[in-house]
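Shown next, in structure tokens, is the structure this report addresses.
The values are calculated or read from the model by the stated rules, or taken from the named source; none is laboratory data. Since we're looking at a predicted model, the values are computed, not measured. Positions of Cβ are backbone-derived with ideal geometry, glycine not excepted, and every protein chain shown enters the neighbour counts.
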Amino acid sequence: MNPPLRVRPGRPSDALALRQIRLESLADSPDAYGETYEHCASWSEDAWAKKASEWNFYLAELDGRIVGLARGERHDERPDARYLFAMYVAPSARGGEAATRLVDAVCAWAAADGADALHLYVSSAAARARAFYLKVGFRESGARVAMDRDEGLVCDEMRRDLREFSFRTERVEPSALHDLRRRVLRENDPRVNVENAQDRLASSLHYGGYLGRRVVVSASAFVATSPVTGRHDAYQLRYMATDFDVQGRGLGGVVLSYVLDDLAGRGVAEIWANARVTALNFYTSSGWDVVPDSLFVSAETGTDHVVIHRAVVPVGLEG
Ligand SMILES: CC(C)(COP(=O)(O)OP(=O)(O)OC[C@H]1O[C@@H](n2cnc3c(N)ncnc32)[C@H](O)[C@@H]1OP(=O)(O)O)[C@@H](O)C(=O)NCCC(=O)NCCS
């Protein structure tokens, strides 16, 4: 069996990995990028740490090894447009899924950020890259610029329509959500078991929020006695998580509305949850009540939680 490929948003803690893969790309394909190896190799560890917290970057991992990088950014001179930069896949991983998955990850971010297209510049020296971009749906926009550091290298602008990345929610198998659960809720700790004993019960429900083929929001609902009313047919919301790069754009709220509508359609009357105190506004702003004096520290994560609950009413029918 092939080792699984993972593509994920980079985090500040990935500074060393970012440095290593970016320098590898500049050494491998110097004419594909505006920056040079010499320039970036001179940056200090602190400078890389700053880049890792400021850049919106994505890493491809194969068998625990970083094999690819891409960045999704706003353009200094065109704040309305979103750009793909620093695209790279290590030679050993070319011809596989890594490049497509990295581009998809950036497209998903750009769509969530409100863009209707993703742009890039491809160098005249990068024939394979151009062929790849055409294959995945980019088209030349007609704009062309010379590289600042070498006028002989011309870069064509390409553009990909992002319609296929509009957001949708679906019922999913729990395994589709395990990576998000681990990365967003368990600090990416490989030792933590993110499969839940209730995951596969017939009554358990799992929801994924998708941008294209990338799942960016997870939610699960398990039958669990309500700590508020004692009802045995209540549902507990668990593992509500939105991927780091697309948080704060209302996607979690869209999935939560979908969950409530779906539960209402199944005749469920009450839902409750142990909510992280840091996420409380997300719930209280959409009709959840905090159970008084319910503050506790989660044994699983060591973070402060409170119990919250609400009646299940289809979202469109709320007063
Ligand atoms: C660009 C890159 C990320 C694409 O990833 P990849 O895994 O190589 O992409 P794929 O193999 O899926 O697609 C490449 C396509 O180019 C074709 N190709 C291969 N070598 C080529 C060449 N020398 N000239 C033209 N096309 C070529 C391949 O046949 C393939 O098309 P196909 O699937 O229809 O056969 C990767 O090649 C890379 O990192 N290159 C070096 C850095 C770079 O140029 N970055 C781009 C900066 S804009």
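Some points to look at:
- Criterion violated by Ala15 - all others in (1) away from the ligand (no atom under 14 Å from the Cβ); (2) under 25 Å from Arg128 (Cβ atoms); (3) of a type outside the set (Lys, Arg) satisfied: (2)
- Considering the conditions (1) at pLDDT below 95; (2) touching a Gly at 6+ places or on another chain (Cβ under 9 Å); (3) closer than 21 Å to Asp199 by Cα, Phe282 is excluded by exactly one of them, (3).
- Filtered residues of the stretch 208-253 (kept if part of a loop (DSSP other than H, G, I, E, B) and under 21 Å from His305 (Cα atoms)): Ala224, Thr225, Ser226, Pro227, Val228, Thr229, Gly230, Ala234, Asp243, Gln247, Gly248
- Selection status of Gly142, free of Cβ contacts under 8 Å to residues at least 12 places away in the same chain and either out of contact with any Cys (no Cβ under 9 Å at 6 or more places or on another chain) or of a type in the set (A, V, I, L, M) (or both): no
- Condition met for Ile21 (more than 11 Å from the ligand (Cβ to nearest atom) and either touching a residue at least 40 places away in the same chain (Cβ under 8 Å) or in contact with a Pro (Cβ under 6 Å, 6 or more places away or on another chain) (or both)): no
Conditions (1) within 18 Å of Asp243 (Cα to Cα); (2) within 12 Å of the ligand (Cβ to nearest atom); (3) in contact with a helix residue (DSSP H, G or I) (Cβ under 9 Å, 6 or more places away or on another chain); (4) outside the structural domain of Val215 (by TED's automatic domain parsing), marked per residue:
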site: Asp28; (1), (2), (3), (4): no, yes, yes, yes
site: Trp48; (1), (2), (3), (4): no, no, yes, yes
site: Val67; (1), (2), (3), (4): no, yes, yes, yes
site: Tyr83; (1), (2), (3), (4): no, yes, yes, yes
site: Gly95; (1), (2), (3), (4): no, yes, no, yes
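- Condition check for Ser141: of a type in the set (Ser, Thr, Tyr) and in a helix (DSSP H, G or I): no
- Within the stretch 123-166, being within 13 Å of the ligand (Cβ to nearest atom) and on the phi > 0 side of the Ramachandran plot holds for one residue alone: Gly137.
- Yes/no for Leu120 being within 13 Å of the ligand (Cβ to nearest atom), assigned by TED's automatic domain parsing to the domain that holds His75 and either at pLDDT 95 or above or surrounded by fewer than 17 Cβ atoms within 10 Å (Cβ to Cβ) (or both): yes
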